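The values are calculated or read from the model by the stated rules, or taken from the named source; none is laboratory data. Since the model is a prediction, treat every value here as computed from it, not as a measurement. Neighbour counts are summed over all protein chains in view; Cβ atoms, including those assigned to glycine, are modelled from backbone coordinates with ideal geometry. Just so you know, the surface numbers come from the protein's heavy atoms only, side chains and all, with ligands and any DNA or RNA stripped out. Shrake-Rupley method; radii C 1.70, N 1.55, O 1.52, S 1.80 Å.
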Amino acid sequence: MVDLVSQYEKIQPQVQSEINSVLANAQFINGPAVHEFQADLEKYLGVKHVIPCANGTDALQIAMMALGLKPGDEVITPSYTYIATTEVMGLLRLKPVFVDCDPKTFNVSPAAIRKAITAKTKAIVPVHLYGQSCDMDEIMKIAKEYSLFVIEDNAQAIGCDYHSADGSVRKTGTIGDFGCTSFFPSKNLGCYGDGGAICTNDDDLASKARMVANHGQSKRYYHDVVGCNSRLDTIQAAVLKIKLAHLDEYIDERRKAADYYDKSFAMESKLTTPFRDPSNKHVFHQYTLQLTDDVDRDALVAFLGEHDVPAMIYYPVPAHKQKMFATLETECGDLTTTDWLTTRVFSLPMHTELTEEQLAFICNKVKEFLNR
Ligand SMILES: *Cc1c(COP(=O)(O)O)cnc(C)c1O
């Protein structure tokens, strides 16, 4: 699904020299690269504060803690997402309110959010799934109307531009109260281990998040709130600093691969290629297609596997059907689209190193199966 070795080979000398300099001065925690990467990312995203942390799941947890969300508070979230989004709600004993997504974009439906609001609702967590922005104009409007916090799960969409109706263009993850991202190796901006970050334009929220991520510490050895220990280490920051400079190229490579797939599948009636909102640049963390009801998805995935074409199902089980929530307090809206999509989607290889030859082979194998 990814080819991180070929990507690394292109930046190898730079990466090795940066890692060597971290090793040479042994500032493994909070070394200069952490601050440099933080500043570079703030500039790239056009956001006031970036708070680096250990991974994307921690980023979500820290954001929810920094906002002071309490057990029993209702948080509206899509069920159709990676488990980390909702798992942290379970951990903090918040009450996830699972709502449906849009069948075209796979992103959380603003109309469904609106319907799910109660007196106990405190926050909305939109997920920019597969690299495409949610309808942030509408989500921010609802949030303002009901005084709700917005935490964007931007783990799959770093670098994505959101165009508002008023003509402004902002990066996803910088629009809500907090944006949370992950630098897991296979993400669009991935490090060589685990990493994550929280973004905000609010000074007060930034210092709260910093404090939560650092043992609730306001100054050294003075711990005002219960926090956690979540840091981005210096070696990962050094790698990310180099890779951030290539992020726009990486996005272009992904979009080129997506264009190839789109074109190749244009005449296929048994599948639907990803919807692309013309005003929003999809950054294609995943290339996820929908199959018509008559296609045996398992057989397709098995057939592709037999020909060394990896294909994945993101995600086979939506959050509201996960066992982890069986004993926790949750609420479900109408999840018809979510339940249907989880039986019909599949994802093809998507990364920065796909060659035309590989793409042609993958497309031919998919078509061969659909037309046999
Ligand atoms: C990857 C991912 C996360 C979690 O990131 P980690 O760094 O693996 O903890 C959260 N949400 C979404 C949507 C993700 O894709």
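Among the listed pairs Lys10/Lys367; Lys122/Lys144; Lys115/Lys281; Lys256/Lys367, those with a Cα-Cα distance over 23 Å are Lys10/Lys367; Lys115/Lys281. Rounded, prolate or oblate: which fits the chain when a ≥ b ≥ c are the square roots of the eigenvalues of the alpha-carbon gyration tensor, with rounded for a/c under 1.5 and prolate only if a/b beats b/c? Oblate, since a/c reaches 1.5 and b/c is not below a/b.
Across the accessible surface of segment 317-372, with the other protein chains kept in place and a 1.4 Å probe, carbon and sulfur atoms take up 50 percent.
Looking at segment 1-65, the chymotrypsin sites (Phe, Trp or Tyr not before Pro) that sit in a DSSP loop and have at most 13 other Cβ atoms within 10 Å of their own Cβ are Phe28. The calculated FRET efficiency for Asp40 paired with Lys323, based on their beta-carbon distance and R0 = 45 Å, is about 0.65. Sparse packing (at most 15 other Cβ atoms within 10 Å of the Cβ) combined with a DSSP loop state is found for the following chymotrypsin sites (Phe, Trp or Tyr not before Pro) in segment 254-339: Phe275.
Candidate cross-link partners of Lys208 among the lysines, defined by an alpha-carbon separation under 17 Å and a same-chain spacing of 8 or more, comprise Lys48, Lys70, Lys219.
The accessible area of Met211, taken with all protein chains in place and a 1.4 Å probe, comes to roughly 40 Å². Looking at segment 172-230, the trypsin sites (Lys or Arg not before Pro) that sit in a DSSP loop and have at most 16 other Cβ atoms within 10 Å of their own Cβ are Arg220. When shorter helices are ignored and each DSSP H run of at least 4 residues is given -39500 (n - 2.57), the per-residue value for the chain at 222 nm works out to -12000 deg cm²/dmol. A 1.4 Å probe run over the protein chains yields, for the chain, 44 Å² of accessible area per residue, whole-number rounding. Each of Ile313 and Asp3 was given a label point 7 Å from its Cα along the Cα-to-Cβ line. The distance between the two points is 2.8 nm.
The mean sequence distance of close C-alpha pairs (under 8 Å, at least 6 residues apart), as a share of the length of the chain, puts its relative contact order at 23 percent. Here the Karplus relation 6.51 cos²θ - 1.76 cosθ + 1.60, evaluated at θ = phi - 60°, turns the backbone of segment 76-86 into coupling constants of 8, 8, x, 8, 8, 6, 5, 4, 4, 3, 9 Hz, with x for every Gly and Pro. Near Gln217, once Lys and Arg are set to +1 and Asp and Glu to -1 for all other residues with Cβ below 14 Å from its Cβ, the sum equals +4.
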